[in-house]
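Undergrad: A single structure is presented below for examination.
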Amino acid sequence: MAETDVPVITVDGPGGTGKGTVCSYLAETLGWHLLDSGALYRAVALAALHARLDLDDASMVAELTNSLTIRFRVAGADMATLLDGEDVTGAIRSEDCGSAASRIAVHPPVRRALLARQRAFQRPPGLVADGRDMGTVVFPDAPLKVYLTATPEERARRRHKQLIEKGISDSLQRLSANIVERDARDRERSTSPMKPAPDAIVIDTTTLNVGEVRKRVSGLVRGRFPGRPDIGRL
Ligand code: C5P
């Protein structure tokens, strides 16, 4: 099977919309590969913070990006992120790392440096790709593109709950401010801004619970890939 014949489901949108949860569910149930592209940007940001680089210096951050080895390893139900062999799964989830990721993500050479690495995830039997520009730039030919949205207030509330569950404490007020700032940066950057692809199906998850989001997206997957035996598992 040629790489480009391998089916891809892209799920884009801002953080706190339920993307991560629905992508893990799809990948695990279908037995497909999972690309958490945000983890790649976060790992680069963490390395840049450790190296005390100026996050606004596009060429220095791009040079660093090219020198890094970033790997994912399945760890139970979760995915561990390894940066030059070191497990950074927890470290990359902080709000500071998320903000730094959105700063380094504006640089075109950094995005270019990550493009081939992301496309390499398209391997049989299929790929579920989670991000901001999966449907617009990285996998523009994906047969199913989903874009999740939710109000900033609801996303801040979900994020707060998620962080508490991970043992990270942060104020709801600071999270809300970060969300507004990060959204603006992700939407307004000139390269690969966060937006739905013209052929994406947009779902507002503000009033939906995890099970309902899963059900809606599973319905779209079943409709898009009829007859594939793995889809029957959804
Ligand atoms: O999804 P997550 O919160 O982990 O992403 C962190 C940041 O990485 C985003 O705010 C965004 O700026 C950047 N990102 C991106 N393109 C992607 C995935 C993430 O620019 N495909």
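Undergrad: Which value, in debye to the nearest 20, gives the size of the charge dipole of the chain about its Cα centre, when Lys and Arg are +1 and Asp and Glu are -1 at the Cβ?
TA: Computed charge dipole of the chain: roughly 520 debye.
Undergrad: Please arrange VAL128, VAL221 by counting, for each residue, the other beta carbons lying within 10 Å of its beta carbon, fewest first.
TA: Sorted ascending by nearby Cβ count, the order is VAL221, VAL128.
Undergrad: Given R₀ = 45 Å, what would the calculated FRET efficiency be for GLU181 paired with ARG233, taking r from the Cβ atoms and rounding to 0.05?
TA: Efficiency computed from Cβ-Cβ geometry: 0.70.
Undergrad: Calculate how large, on average over all directions, the projected area of the Cα convex hull of region 39-140 is; give the answer in nm² to one decimal.
TA: So the Cα hull casts an average projection of 6.6 nm².
Undergrad: Sort out for me the Cα centre separation of region 63-88 from region 141-193, rounded to whole Å.
TA: 22 Å
Undergrad: Note down the magnitude of the dipole of region 104-172 about its Cα centre, charges +1 on Lys and Arg C-beta and -1 on Asp and Glu C-beta and zero elsewhere, to the nearest 20 debye.
TA: With Lys and Arg at +1 and Asp and Glu at -1, about 160 debye.
Undergrad: What is the spin-label model distance, in nm, from ASP87 to ASP5 if the labels are put 7 Å beyond Cα along the C-beta direction?
TA: In this crude spin-label approximation the distance works out to 3.9 nm.
Undergrad: Just name one of LEU82, LEU127, LEU208: the one whose Cα is farthest towards the positive end of the charge dipole of region 79-234 (beta-carbon charges, Lys/Arg +1, Asp/Glu -1).
TA: Highest projection toward the positive end goes to LEU127.
Undergrad: May I ask for the percentage of alpha-carbon pairs in region 32-73 that lie more than 13 Å from each other?
TA: 53 percent
Undergrad: Subtract the Cα-Cα distance of ASP56 and ASP96 from 0.36 nm times their separation in residues, and report this length gain in nm to one decimal.
TA: 12.9 nm
Undergrad: Could you give log10 I(q)/I(0) at q = 0.07, 0.09, 0.16 Å⁻¹ for the chain, computed by the Debye formula over C-alpha point scatterers of equal weight, without solvent?
TA: -0.21, -0.35, -1.21
Undergrad: Shifting gears a bit: Could you tell me which of SER99, THR151, GLN173 has its Cα farthest along the dipole of the chain towards the positive end, charges placed at Cβ (Lys, Arg +1; Asp, Glu -1), taken about the Cα centre?
TA: THR151
Undergrad: Give me the extension gain from ALA116 to ALA77: residue separation times 0.36 nm, minus the current Cα-Cα distance, reported in nm with one decimal.
TA: 11.4 nm
Undergrad: Next question, about the same structure. Sorting ARG158, ARG93, ARG123 on the 10 Å Cβ count, fewest up front, what's the list?
TA: The most exposed by this proxy come first: ARG123, ARG93, ARG158.
Undergrad: Contour minus end-to-end for VAL210 and ARG222, with contour as 0.36 nm per residue of separation and end-to-end as the Cα-Cα distance?
TA: This chain segment gains 2.5 nm when fully extended.
Undergrad: Taking region 84-171, how much of its Cα-Cα pair set, in percent, is spaced more than 19 angstrom apart?
TA: 58 percent
Undergrad: Take PHE72, PHE139 and order them by how many other Cβ atoms sit within 10 Å, fewest up front.
TA: Going from sparsest to densest Cβ surroundings: PHE72, PHE139.
Undergrad: Here is a further query. Percent of Cα-Cα pairs more than 25 Å apart in region 121-234, please.
TA: 34 percent
Here, each number is a calculation from the coordinates, and none is a lab measurement. Not measured: the values here are computed from a predicted model. Counting neighbours? That spans all protein chains shown, and the Cβs are built from the backbone with ideal geometry, glycine included.
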